[in-house]
Amino acid sequence: MVLAYIVNNSSRSVSVINTKTHSVIATIPVTSPGASPNNIAITPDGKLAYVTNNQIPINNSVTVIDSKTHSVIATINVANGPSMVAFTPDGKLAYVVNTSIEGFTERLVTVIDTKTHSIIATVQVGSAPNSVAFTPDGKLAYVVNGASNSNSVSAIDVKTHSVIATIPVGSLPNRFAISPDGKLAYVTNVTGDSCSVIDTKTHSVTATIPVGNLPLGVKFTPNGKLAYVVNSNSGGTGSISAIDVKTHSVIATIPVGNPSDRPANIAITPDGKFAYVDTLSGDVVTAIDIKTHSVIATIQVGNSQSFSFVEFTPDGKFAYVGNSSNGTVSVIDVKTHSVIATVDVGTRPASIAFTPN
């Protein structure tokens, strides 16, 4: 049974949804004082969920949940501003990014042993780190340092938990993705209107790709041949830049959203056939046919304000969309591109993770 774990930011809880019935089967309070949960990841074996709680200076912690019992089994105090957590492919380690917020500046990644739920290392990186991901072989972690005085990516040797390279990229780097073969990383540069291409063998930028205005997210197709970049385009209609990974060139630009409701997040189906894009403040998900780079459906969902997500179930049959203003999750049938269920969760759903098949 595949479960969806939803972090509810304002109600300080995690909702557990059975994806077969699209119903909530458990609600787990995140009871640490002052906790403001914002991100979640689940170990590759599906046994544990880690939730980051970001509330300076009251609470900076990670809540550990046992997915079998849907209960909190540990709380790990970390550095200021934990904003993202990711697991190594073998699930033995969790890397937590500690971001600068509310006047507090952290330049740290906290490394946690998932067997003991204890901190085993802290890694100094650049200013305002905002995202982390591992190469498929688990040997390297890449951290985006988003502050204007950094504009870089830190490459970390996972064996030694040490920075082995600091890679300058474009202006205000935000999100990045690692290609399925692990050879490349694409980094979006928000105010640089570009995407930096990093060779993970040499830790160097090999290309800079002009994309649309204010690029946010980026995702590779499962076969690694294409990358899709979300351009939020302040003041205008947003778009998706479709990039040929072999040539690092934009081969299509797909308009998405409108000037008052710009694209935010993107997900790609496991079979690589469709991309779904949600919007920053609206109630629409756009479905794109990746073969033709064309919009094939616009799907009405609930309303979102600043917090939102769109993710596919592991089998790719359904998409789950967070509606932060409504406190609901919309479930979309990918076969028909239509909403088949609306699930009440907590207040301001902010992040989602699925257990594996």
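The values are calculated or read from the model by the stated rules, or taken from the named source; none is laboratory data. Treat the numbers as computed from the prediction; the structure is a model and nothing was measured. Here the Cβ is made from the backbone with ideal geometry for all residues, glycine too, and neighbour counts use every protein chain on show. With ligands, DNA and RNA removed, areas are computed over all heavy atoms of the protein, side chains included. Shrake-Rupley method; radii C 1.70, N 1.55, O 1.52, S 1.80 Å.
Things worth noting here:
- Members of the stretch 174-207 that are of a type in the set (S, T, N, Q), more than 21 Å from SER234 (Cβ to Cβ) and open to solvent by 20 Å² or more (accessible area, probe 1.4 Å): THR202, SER204, THR206
- When the stretch 269-284 is filtered for residues that are in a strand (DSSP E or B) and of a type in the set (Gly, Ala, Ser), only ALA275 remains.
- Residue match in the stretch 315-325 (condition: under 25 Å from SER36 (Cα atoms), among the β-branched types (Val, Ile, Thr) and in contact (Cβ under 8 Å) with a residue 12 or more places away in the chain): yes
- Qualifying positions in the stretch 238-261 - closer than 20 Å to ILE209 by Cβ and open to solvent by 40 Å² or more (accessible area, probe 1.4 Å): ASP244, LYS246, THR247, HIS248, SER249, VAL250, ILE251, THR253, PRO255
- Strands (runs of 3 or more DSSP E) enclosed by the stretch 184-258 - at least 3 residues per element that are over 19 Å from SER131 (Cβ atoms) and not β-branched (Val, Ile, Thr): 204-210, 238-244, 249-256
- When residues of the stretch 126-140 are limited to those that are modelled with pLDDT of 95 or more and either touching a Cys at 6+ places or on another chain (Cβ under 7 Å) or buried (at least 20 other Cβ atoms within 10 Å of the Cβ) (or both), the one farthest from ALA41 (Cα to Cα): LEU140
- Among the conditions (1) surrounded by 17 or more Cβ atoms within 10 Å (Cβ to Cβ); (2) out of contact with any Pro (no Cβ under 8 Å at 6 or more places or on another chain); (3) modelled with pLDDT under 95, GLY103 misses just one, which is (1).
- Annotation note: of ALA267, ALA287, the sole residue that is in contact with a strand residue (DSSP E or B) (Cβ under 8 Å, 6 or more places away or on another chain) and more than 30 Å from VAL205 (Cα to Cα) is ALA287.
- Failed condition for ASN189, given (1) in contact with a Cys (Cβ under 8 Å, 6 or more places away or on another chain); (2) closer than 20 Å to SER294 by Cα: (2)
- Every residue from the stretch 269-284 that is surrounded by 17 or more Cβ atoms within 10 Å (Cβ to Cβ) and modelled with pLDDT of 95 or more: THR269, GLY272, PHE274, ALA275, TYR276, VAL277
- Of all residues in the stretch 285-312, exactly one satisfies the criterion of being assigned to a loop (DSSP other than H, G, I, E, B), polar (S, T, N, Q) and under 23 Å from LYS225 (Cβ atoms), namely THR292.
- Test: residue in the stretch 327-334 that is at pLDDT below 95 and not in a strand (DSSP E or B): yes
- Checked against the criteria, ILE266 counts as over 20 Å from LYS183 (Cβ atoms), part of a strand (DSSP E or B) and among the hydrophobic types (A, V, I, L, M, F, W, C).
- Against the test of being of a type in the set (Val, Ile, Thr), closer than 29 Å to VAL190 by Cβ and open to solvent by 50 Å² or more (accessible area, probe 1.4 Å), the options ILE352, ILE266, ILE296, ILE290 yield a single qualifying residue, ILE296.
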